[in-house]
């Protein structure tokens with residue numbers, strides 16, 4: 001445990017700061033963060049640094065262009081001082097939407113191994129990695145095996161990767177992500193992975209468990225927007241598209257219902273969710289980096305004839321309404337889509353926190 005009263009953490013590939021916010025919510029002090037996206041760093045500074053005392057030290061730099069020891073000095077830590085290292089290396093190279101073997105040689109995949117190099121130098125009590133389920137596909141097995149080997153050589157015990165759905169942890173969105181936990185020694189009865197807090201209300205188990213039902217998209221849209229919110233902005237659509245949207249039934253209508261047929265649909269039927277409306281009676285779709293664009297998925301407002309706003313997307317990710325994303329509409333959507341949902345992050349970090357407090361060996 002660190003010498004301070006609070007458990008400490010560093011957020012690598014911090015982006016807008018979903019994991020940082022999750023950590024702060026459960027009493028973890030984030031001492032440092034790293035990312036190289038300028039707009040995401042502007043967002044991070046606005047929401048986490050400003051005039052705050054004990055604010056994280058943000059390093060805006062490519063992780064491949066900075067040595068772990070140098071980064072550790074910048075955030076004023078020494079090897080072995082840190083409790084938790086956390087982060088989600090950019091995941092597009094592992095996306096399930098990649099066809100055949102595309103993505104196998106994507107240079108972003110090297111960032112996962114770089115993360116373990118930082119683990120070796122920083123020597124945290126525990127570390128956690130977040131990524132997309134595509135990481136577990138056979139074509140990426142070499143990267144995953146190398147990651148485990150390097151972490152074990154650095155003195156860590158790794159749990160098998162687990163796939164969690166954010167909807168099971170109070171997030172109003174179906175969003176599956178992989179988490180990998182590494183610790184320095186066994187930690188008693190600490191729970192991993194975290195137990196679900198919410199269940200499908202139609203399942204018998206949910207009734208028996210007495211836990212809360214899944215949250216739905218209605219939670220996102222029923223609350224009024226704050227006046228002057230810079231993130232309450234949606235895409236401007238052509239008159240033709242607005243007419244298509246107007247013909248799409250409310251509360252879950254799809255492209256098929258609007259009779260919209262594109263030239264490419266003569267060869268294949270395409271994705272039904274494209275240009276579809278979000279159904280408020282169900283958990284929302286996965287918020288991607290294109291979540292404000294109805295042409296990229298089921299991102300059409302349930303009742304209005306336009307796409308959702310960055311604020312809607314942020315609510316799906318359980319960010320509070322006073323959390324402001326810098327950089328405009330498209331950058332804001334990218335930051336939201338890349339973030340770890342705050343409530344999911346908090347559930348994961350509670351389990352990691354238990355490992356640290358239970359005495360993962362230093």
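Read-outs: derived from the displayed coordinates by stated rules, not from any lab. Computed from a prediction, not measured in an experiment: that's the story for all the values here. Quick reminder, even Gly has a Cβ in these numbers, built from the backbone with ideal geometry, and neighbours come from all protein chains shown.
Can you give me the angle between helix 329-338 and the longest principal axis of the chain, using Cα atoms only, in degrees from 0 to 90, rounded to the nearest 10? Taking Cα atoms only, the helix is inclined about 50 degrees. Note on residue 290 and residue 117: the extension gain reaches 59.2 nm, defined as 0.36 nm multiplied by sequence separation minus the Cα-Cα distance. In the chain, helices alone account for a calculated mean residue ellipticity at 222 nm of -7500 deg cm²/dmol, with every DSSP H run of four or more residues adding -39,500 (n - 2.57). Across the stretch 16-59, Cα pairs under 8 Å and at least six residues apart give a relative contact order of 45 percent.
Between the Cα long axis of helix 141-153 and the first principal axis of the chain there is an angle of about 30°, rounded to the nearest 10.
Each Cα pair under 8 Å and six or more residues apart adds its separation to the average, and for the stretch 107-224 the resulting relative contact order is 24 percent. Springs join every pair of Cα atoms under 10 Å in this Gaussian network model of the chain, and among 305, 54, 36 the largest mean-square fluctuation is at 54. Each of residue 303 and residue 321 was given a label point 7 Å from its Cα along the Cα-to-Cβ line. The distance between the two points is 1.6 nm.
The ranking of 179, 299 from fewest to most other beta carbons within 10 Å of each one's beta carbon is 179, 299. Cβ crowding within 10 Å ranks 208, 157 as 208, 157, fewest other Cβ atoms first. The ranking of 57, 84 by Cβ neighbour count inside 10 Å, starting from the fewest, reads 57, 84.
Evaluate the relative contact order of the chain (contact order divided by residue number), counting alpha-carbon pairs under 8 angstrom at least 6 apart; express in whole percent. Answer for the chain is 19 percent. Ratio of Rg to Rh for the chain: 0.98 [Cα atoms; Kirkwood radius as inverse mean 1/r over pairs]. Against the main long axis of the alpha-carbon atoms of the chain, helix 110-122 sits at an angle near 30°. Distance between the modelled labels on residue 191 and residue 153, one decimal in nanometres: 3.6 nm (7 Å Cα→Cβ projection).
Restricting to the chain, compute how many DSSP beta bridges are antiparallel as a %, nearest 5.
40
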